[in-house]
Amino acid sequence: MSTKASTNAAARLPVIFDTDPGVDDAMALLFAHRHPAVRLVGITTVFGNADVAVTTRNTLFLAERFGIDAPVARGAALPLVRPPRGAAVEVHGHDGLGNLPEPVTACRQPDARAAHHFIIDTLRARPGEVTLVALGPLTNLALALAEEPAVARLARQVIVMGGAFGTNGHGGNASPVAEANVLSDPHAADAVFTAPWPVTIVGLDVTHEVLMDDAAFARLRDEGGAEGAFLWDCSRHYVRFYGRAAGVRGCFVHDASAVACLLEPALFGQRAGAVRVVCDGIAMGQTIQAEEGKRYSHAEPWADLPSQRVCTSVRAADVLALFVRTVCGGAGGR
């Protein structure tokens, strides 16, 4: 490797990608891999869109297909407390990747470590350097915090796709108030949001503003190489689901919006304040922020907690352009 190539590699942002593929996870993974500012130093899997055996198989398959050499560590199979919600077959298909015509198989094997141990080891080895991008239930991150609370001081930042705070008229997608990732393990989400690491939450408030239509998918197919064509194929079931469920022509860009927030945070308006998650009752999974600078007569549940960032607005066209430009621009390889 040349000196210039070594310098460029060293300058890239090291990221652990915590994921539950999932069609939108596949989109986000290719986005992160192809962007020159990102270096994937590990991928951890978790239950969510499918059970963890399927999400791990899918992650290994995607890593092979996309040419990603980062280690893949299998993670949590169950929520911390609540019963599992089950696979999102209607959304992501029986294989978790849109019912692909080909079998989803992988030759690679996962890392010997459990995902939360991989997270702990990586953060210890590179204090203050590594960003966690979490696109599924937050169980792996919560397990890492429970085993080694000091890891919260070692992460550069945490970017979460999850939550719904009711801005822009957007409530939950798994209940009237709860987003699916948070509802899948509300206790884990509450632990992650209240830990002393800097968290940015990219929730439905903004992801439901970013709609990707078939013209954009067609450009990926035609200009994004074999991987862009793959995204076209696996998105067909996903787009049909959103047509039935939301009456839209395309799909909302959930997980890739979190990657866009990592790359260009100025595309998102953000609000600061402590965040809690409701962990029982009919509002289970609801995310609630005590906005910084406001006075509340009942503020105890948020008192003395770290202030986190919640995305409340988005330049949707710019997020879509960044995604499509990155995937298509990287078609020739890094």
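Does PRO137 meet the test of being touching a residue at least 12 places away in the same chain (Cβ under 8 Å), assigned to a loop (DSSP other than H, G, I, E, B) and buried (at least 21 other Cβ atoms within 10 Å of the Cβ)? Let's see the steps before the verdict.
Values: touching a residue at least 12 places away in the same chain (Cβ under 8 Å): yes; assigned to a loop (DSSP other than H, G, I, E, B): yes; buried (at least 21 other Cβ atoms within 10 Å of the Cβ): yes.
It is true that PRO137 is touching a residue at least 12 places away in the same chain (Cβ under 8 Å), assigned to a loop (DSSP other than H, G, I, E, B) and buried (at least 21 other Cβ atoms within 10 Å of the Cβ).
Provide a single number: the residues in region 284-305 that are touching a strand residue (DSSP E or B) at 6+ places or on another chain (Cβ under 7 Å) and not in a strand (DSSP E or B).
Initial filter on region 284-305 (touching a strand residue (DSSP E or B) at 6+ places or on another chain (Cβ under 7 Å)): 284-292, 296, 299, 301-302, 305.
If we keep only those that are not in a strand (DSSP E or B) too, we end up with 284-285, 292, 296, 299, 301-302, 305.
Of the residues in that region, 8 qualify.
Which is farther than 22 Å from GLN157 by Cβ, in a loop (DSSP other than H, G, I, E, B) and in contact (Cβ under 8 Å) with a residue 24 or more places away in the chain, of ALA112, ALA106?
Working: ALA112 fails: in contact (Cβ under 8 Å) with a residue 24 or more places away in the chain.
Only one candidate passes the filter, namely ALA106.
GLY285 - would you say it is surrounded by fewer than 16 Cβ atoms within 10 Å (Cβ to Cβ), closer than 22 Å to ILE159 by Cβ and under 21 Å from the mean Cα position of the chain (by Cα)? Break it down stepwise before answering.
Details: surrounded by fewer than 16 Cβ atoms within 10 Å (Cβ to Cβ): no; closer than 22 Å to ILE159 by Cβ: yes; under 21 Å from the mean Cα position of the chain (by Cα): yes.
For GLY285, the condition - surrounded by fewer than 16 Cβ atoms within 10 Å (Cβ to Cβ), closer than 22 Å to ILE159 by Cβ and under 21 Å from the mean Cα position of the chain (by Cα) - is not met.
Six or more apart or on different chains, Cβ atoms under 8 Å: show the pairs whose first residue is in region 245-272 and in a loop (DSSP other than H, G, I, E, B) and whose second is of a type in the set (S, T, N, Q) and surrounded by 24 or more Cβ atoms within 10 Å (Cβ to Cβ).
Filtered contacts from region 245-272: VAL253/THR207; HIS254/THR207.
State which residue pairs qualify: first residue free of Cβ contacts under 8 Å to residues at least 40 places away in the same chain and inside region 175-202, second residue in a strand (DSSP E or B) in any location, beta carbons under 7 Å apart, and separation of 6 or more residues or different chains.
Nothing qualifies.
Checking the structure you have, find out if any residue of region 82-90 is surrounded by 16 or more Cβ atoms within 10 Å (Cβ to Cβ) and modelled with pLDDT of 95 or more.
Looking through region 82-90, at least one residue is surrounded by 16 or more Cβ atoms within 10 Å (Cβ to Cβ) and modelled with pLDDT of 95 or more.
Does HIS116 count as surrounded by 19 or more Cβ atoms within 10 Å (Cβ to Cβ) and not hydrophobic (A, V, I, L, M, F, W, C)? Steps first, answer last, please.
Numbers: surrounded by 19 or more Cβ atoms within 10 Å (Cβ to Cβ): yes; not hydrophobic (A, V, I, L, M, F, W, C): yes.
So HIS116 fits the description; yes.
So, THR19, is that one buried (at least 21 other Cβ atoms within 10 Å of the Cβ), among the polar types (S, T, N, Q) and out of contact with any Phe, Trp or Tyr (no Cβ under 8 Å at 6 or more places or on another chain) or not? Write out each step before concluding.
Numbers: buried (at least 21 other Cβ atoms within 10 Å of the Cβ): yes; among the polar types (S, T, N, Q): yes; out of contact with any Phe, Trp or Tyr (no Cβ under 8 Å at 6 or more places or on another chain): yes.
It is true that THR19 is buried (at least 21 other Cβ atoms within 10 Å of the Cβ), among the polar types (S, T, N, Q) and out of contact with any Phe, Trp or Tyr (no Cβ under 8 Å at 6 or more places or on another chain).
Considering only helices (runs of 4 or more DSSP H) fully contained in region 166-243, which possess at least 3 residues that are within 21 Å of CYS279 (Cβ to Cβ) and modelled with pLDDT of 95 or more? Please lay out each step first, then the result.
On the way: elements: 180-184, 186-193, 204-207, 214-223.
Answer list for region 166-243: 180-184, 186-193.
Does region 194-239 hold any residues that are closer than 30 Å to TRP302 by Cβ and among the small types (Gly, Ala, Ser), and which are they? Steps first, answer last, please.
As a first pass, look at region 194-239 and keep what is closer than 30 Å to TRP302 by Cβ: 194-210.
Of everything in region 194-239, those that are closer than 30 Å to TRP302 by Cβ and among the small types (Gly, Ala, Ser) turn out to be ALA195, GLY203.
The values are calculated or read from the model by the stated rules, or taken from the named source; none is laboratory data. In this text, all values refer to a predicted model and were calculated from it rather than measured experimentally. Neighbour counts are summed over all protein chains in view; Cβ atoms, including those assigned to glycine, are modelled from backbone coordinates with ideal geometry.
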